[in-house]
Structure formats: C-alpha cells, structure tokens
Amino acid sequence: MITVESIVKKFNGKPAVDGISFQAYDQEIFVLLGPSGCGKTTTLKMINRLIEADSGNILIDGKNIRDRKPEELRMGIGFVMQHSGLFPHYTIQQNIAVVPELLKWDKKRTETRTHELLHKLHLSEEILSRFPGELSGGQQQRVGIARALMADTPVLLMDEPFGALDNITKADIHSEFKSLEELKNKTIILVTHDVQEAFELGHRICLMEKGQIVQIGTPKEMLYHSKNSFVRDFFAENRLLLEYKTTTLQDVQSFFPVEDWSHEWNVSGDTHVWDALQKLSSDHKNTVHYEKLVSAFNEYRKLQIV
C-alpha cells in the first residue's frame, strides 16, 4: 500500500531522514519507533507532503505522491496528530465536519457519519455543541480520531496520538483502538516513542535512530532476533514484560498443552501469556495452572533468545 524509497530530508544541511526505505502493507499497523529526533515524525509528514522530501520517492497504491496536488493527496489520507489537533474555536461538531465540508458532503451525510463514529468511539452526542477545551484529554483524542476517520480513507497517519494521555486513559483508548472494526481495513502508520504502545498496537515495528532505520520486524523478531546491541538495549528496560505480551498460549503449547485447560477460562491459543496470567491470577483456585504457565513461558523464551 505505502512504499518509501530512499527518502532524504535535510534541515540546515543536516540529514533528519537519511535515505530510508520501507513498505507498509494493506491493513497493517506499521509503527515508526525511536528516540526523540530520530526522524520518525519527519518521515510520517513526508507521506502526506506536510514536509517535502529532498529526494527519493513515496508511492501509495503504486502511484507517486509527487504526481498529485498536496491538497488532493491529503483528502485521501486520515491524519491524527499530537494533542488531538482540534481547532479550539470550533465546536466538536464543526471540528468533525472539517473534511466533509471540503469534500462538499451534504448535511445529512455528515450528520449520519458523525453519529456513527461517536457511537463507535464511545462518545456522547452531547459533546457536539461543546468546544475542545471543555472535554477531557481522552475525549479530545477520540474526537481527533473521529475527525480523521470521517472520510473513511484507506490510509491513516498517526503522530504520537496518545502521547499526552495518562496511563489509565491511554490503556482504555488502546483497547478501543484495537477492537475498532473501522480501522481493520486501513493501512496505518503510527509514530510513537512508547515501546509498550508500539508492541501492543503494531503488526510490525520500524526502529529508527539518527535518521536511519536500524531494524524492521514483528514485535517477536525485535525481541528474539535483534539485529545489534542498539536494538537489544532499546528494549532492555521492558523486555520481560514485552515478551509476556507478545508470546501466545499457542507458542508455549509444547510445554503446557493449551487444550488441557484453556476451555475452562474461555481463552484461545492466540491469547497472550500476559492476558492469560492476569485471568488466572484473579482466581485463587488456579494457582497451579498459573505456576505451570509461567514455567512453560520460561522454557519457551530460553529457546527463542539468540
């Protein structure tokens, strides 16, 4: 869906993005991860031409974005920015209707789509007459997502969309985000510096440093097949938790047969070990199973770490 070929961007003669290439596939959440100043936001903004690349090519569905007017290109790309990016002097209804107005939708179509998204994002219709400053951070971020989804574009770009939220609100929105059917048919590129967020939401992760790509891979590949010491060190602080959250019951099947117990707690083989342990820990009768699953996980990870 999105192909980035040897993209370069310099500011004051210094490369911010230095010849990177990658592909984001159809219906994939592709995460650009890395420390501040690594070039991930610059990369994201070059995809919708908020920043123009100095050289290289970016293709969406095989078509070079340089062959389209920037305004026309952006009509086909949803964009969610940091701190929601809502216009403070617009009501919520006006904020959500920005893109439909540019696309010249009729009032009925805009209203129908607005109410549909409010329902999906667990927002009350009462907020439509309010201004952004009257909403909580979580509500503002949901409205920002609603605005980006209004036109139902096949591509969605997200720049640190949950960075300003507290951990509890962020966890709630992550859960809603993953379950939202609206997002499952889109190609999404998500920028974050939050390692756990990247692992929780991303299908593949592109780890960047100093304007270059260090490694691209699934969460498991990043942990168990790290390319170099930078990758290993980047994930070191959260490594054990990340392993629990990326390993599934199916993965540990040979050490702890899933069918022996999973039906009792209504969990499937693709349930992550972390989630299964949380479920087991809430029931004191399952202490033995809890300990067996931890043991199985430890045996599995010994074989994976290289």
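The values are calculated or read from the model by the stated rules, or taken from the named source; none is laboratory data. If you're wondering where the values come from, they're calculated on a predicted model, not measured in any experiment. Neighbour counts run over all protein chains shown; Cβ positions are idealised from the backbone, glycine included.
See the values below:
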{"item": "Those residues of the range 163-185 which are touching a His at 6+ places or on another chain (Cβ under 7 Å) and within 24 Å of Pro88 (Cα to Cα), in sequence order", "result": "Ala164"}
{"item": "Out of Gly37, Gly56, sole residue that is part of a strand (DSSP E or B) and either in contact with a Leu (Cβ under 6 Å, 6 or more places away or on another chain) or assigned by TED's automatic domain parsing to the domain that holds Gly217 (or both)", "result": "Gly56"}
{"item": "Hits in the range 49-104 (condition: β-branched (Val, Ile, Thr) and surrounded by fewer than 16 Cβ atoms within 10 Å (Cβ to Cβ))", "result": "Val98"}
{"item": "Selection status of Ile173, buried (at least 16 other Cβ atoms within 10 Å of the Cβ) and either among the polar types (S, T, N, Q) or at pLDDT 90 or above (or both)", "result": "no"}
{"item": "Qualifying residue in the range 207-216 (condition: under 11 Å from the mean Cα position of the chain (by Cα) and either surrounded by 21 or more Cβ atoms within 10 Å (Cβ to Cβ) or not in a loop (DSSP other than H, G, I, E, B) (or both))", "result": "no"}
{"item": "Residue count, the range 195-213 (criterion: in contact with a strand residue (DSSP E or B) (Cβ under 9 Å, 6 or more places away or on another chain), in contact (Cβ under 8 Å) with a residue 60 or more places away in the chain and either farther than 24 Å from Lys120 by Cβ or small (Gly, Ala, Ser) (or both))", "result": "12"}
{"item": "Residue within the range 79-100 that is in a strand (DSSP E or B) and assigned by TED's automatic domain parsing to the domain that holds Glu209 present", "result": "yes"}
{"item": "Criterion: at pLDDT below 95 and closer than 24 Å to Ser6 by Cβ - qualifying residue of Lys227, Lys220", "result": "Lys227"}
{"item": "Any pair with Cβ under 8 angstrom, 6 or more apart, that starts in the range 231-251 at a residue that is under 15 Å from Gly217 (Cβ atoms) and surrounded by 20 or more Cβ atoms within 10 Å (Cβ to Cβ) and ends at one that is at pLDDT 90 or above and of a type in the set (Ser, Thr, Tyr)", "result": "Phe235/Ser226"}
{"item": "Condition broken by Lys104, with the remaining ones in (1) in a loop (DSSP other than H, G, I, E, B); (2) on the phi < 0 side of the Ramachandran plot; (3) without any contact (Cβ under 8 Å) to a residue 40 or more places away in the chain satisfied", "result": "(2)"}
{"item": "Residue in the range 278-296 that is in the same structural domain as Gln82 (by TED's automatic domain parsing), at pLDDT below 85 and either more than 24 Å from Thr42 (Cβ to Cβ) or outside any helix (DSSP H, G or I) (or both) present", "result": "no"}
{"item": "Conditions (1) surrounded by 13 or more Cβ atoms within 10 Å (Cβ to Cβ); (2) in a strand (DSSP E or B); number of the one not met by Thr42", "result": "(2)"}
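To keep it simple, each residue is scored yes or no on (1) assigned by TED's automatic domain parsing to the domain that holds Met75; (2) acidic (Asp, Glu); (3) part of a strand (DSSP E or B).
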residue	(1), (2), (3)
Asp152	yes, yes, no
Glu176	yes, yes, no
Ile188	yes, no, yes
Gln196	yes, no, no
